[in-house]
Amino acid sequence: MKSHYSEAPAARRDSRHTLAVIVDNEPGVLARIAGLFSGRGYNIESLTVSETEHERHLSRITIVTSGDDAEITQIMAQLDRLVPVHRVDDLTASGPVVERELALVKVTGRGEHRVEALRLAQAFGARTLDATISSFVFEYTGAIDEVDRFIAVMAETGVVEAARTGVAAMSRGPGQTG
C-alpha cells in the first residue's frame, strides 16, 4: 500500500528578505509598487519610505517580504522593470545587514501597574517621551524581534496603543547598497 505522505509536496523554504528600492520621488510611485505586490499575491511585512537625496529627488523604499528564492528573484525583477525605479538591492542576500525599527508604545495604569511599566521600560532601555498621572509613552528602537518582545512584555502592564515605523536597513561595511 502506498502512503499519501510520500506524495506530499516538498515544504516551501520561505525566507524573510529586506529589499532597498531607490526610486524617483514622484506621486504614484508607492502606489505602483504596492500594486505590484498585491496584484501578484506577495505580502509586504514592513514598508518604510523617505526621500534620501533631496537634490536628485530620490527616495528609498525599504520593503520586508518573504518568499522562496524564485519568488524573491521575481519580485526584484518586476520591481526593477518599473519606470521610476533606479535600483533594487536584496540587502539580505548581500551580506550582514543592520536593521532597526522604532516603536512608540502608550501604556496606561495606576499604582503598581505604573511602577512596573516604568521598571520594564528602563530594563529594555526605552526612553520615556511623555508621562501623565495615568499614562506613559515610551520610545523603543531595536531589531524587529526586540520590538516585538518589548511590546509583548509591556502588554502585561496595560498597552493601549503601539505605533511602529517599519524597518530601516543598511548593509554593513564600507560599501553602499540601496
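Based on the Cβ-Cβ distance of Arg172 and Asp130, what FRET efficiency does E = 1/(1 + (r/R0)^6) give at R0 = 35 Å, to the nearest 0.05?
Working: r = 34 Å, r/R0 = 0.97.
Efficiency at R0 = 35 Å is approximately 0.55.
Just need the Rg to Rh number for the chain, please, alpha carbons only, Kirkwood Rh. Write out the running numbers ahead of the final one.
Working: Rg = 20.4 Å, Rh = 18.7 Å.
My calculation puts Rg/Rh at 1.09.
With the Cα gyration tensor of region 33-115 in hand, convert its eigenvalues to equivalent ellipsoid semi-axes via √(5λ) and list them largest first in whole Å.
Square roots of five times the eigenvalues give 33, 18, 14 Å.
Go ahead and set up a Gaussian network model of the chain, Cα springs under 10 Å, then flag whichever of Leu36, Leu91, Leu19 fluctuates most.
Leu36
Between Glu112 and Val98, what is the label-to-label distance in nm when each label sits 7 Å out along the Cα-to-Cβ direction?
4.2
Find which of Ile144, Ser38, Ala103 sits farthest along the positive direction of the dipole of region 25-169, computed with +1 on the beta-carbon of Lys and Arg, -1 on that of Asp and Glu, about the Cα centre.
So the residue furthest toward the plus end is Ala103.
Under a Cβ-only charge scheme (Lys and Arg +1, Asp and Glu -1), can you give me the dipole magnitude of region 126-178 about the Cα centre, in debye to the nearest 20? Walk me through the intermediate numbers first.
Values: 4 positive and 7 negative charges, 47 e Å.
The calculated dipole for region 126-178 is roughly 220 debye.
Determine the per residue accessible area of the chain with all protein chains present and a 1.4 angstrom probe, expressed in square angstrom. Let's see the in-between values first.
On the way: 10690 Å² over 178 residues.
Each residue of the chain exposes 60 Å² on average to a 1.4 Å probe.
Largest first, how would Asp24, Asp130 line up by accessible area (1.4 Å probe)? Spell out each step's value before the answer.
Details: Asp24 45, Asp130 70 Å².
Putting Asp24, Asp130 in descending order of accessible area: Asp130, Asp24.
With the chain treated as a Gaussian network of Cα nodes joined by springs under 10 Å, which of Pro96, Pro27, Pro84 yields the largest mean-square fluctuation?
The residue that fluctuates most here is Pro27.
Normalising by the residue count of region 39-178, find the relative contact order in percent from Cα pairs under 8 Å and 6+ residues apart. Intermediate results must be reported in sequence, preceding the final value.
Numbers: 219 pairs, mean separation 40.5, N = 140.
Reported relative contact order: 29 percent.
Mind checking the angle between helix 144-155 and the chain's longest principal axis? C-alpha axes, 0 to 90 degrees, to the nearest 10.
On a 0 to 90 degree scale, this one is about 30.
Using only helices, what value at 222 nm comes out for the chain when you add -39,500 (n - 2.57) per DSSP H run of length 4 or more and divide by the total residues, to the nearest 500 deg cm²/dmol?
Values: 4 runs with 49 residues, N = 178.
Helix-only estimate at 222 nm: -8500 deg cm²/dmol.
Give me a comma-separated list of calculated 3J(HN,Hα) values for region 137-142, in order, Karplus coefficients 6.51, -1.76, 1.60 applied at θ = phi - 60°, integers in Hz, x for any Gly or Pro.
Listing the rounded values in order: 10, 9, 10, 10, 10, x Hz.
Which distance in nm do the two modelled labels at Leu82 and Thr141 give, with both placed 7 Å along the Cα-to-Cβ direction?
Label-label distance for Leu82 and Thr141, simple model: 2.7 nm.
Could you work out the Rg to Rh ratio of region 76-178, with Rh taken as the Kirkwood radius (inverse of the mean 1/r over all Cα pairs)?
Working: Rg = 18.2 Å, Rh = 15.7 Å.
Ratio value, two decimals: 1.16.
The values are calculated or read from the model by the stated rules, or taken from the named source; none is laboratory data. These numbers come from a predicted model, not from an experiment. All Cβ positions, glycine included, derive from the backbone under ideal geometry; neighbour counts span all protein chains shown. Heads up: the accessible areas ignore ligands, DNA and RNA and are worked out on the full protein's heavy atoms, side chains in. Shrake-Rupley method; radii C 1.70, N 1.55, O 1.52, S 1.80 Å.
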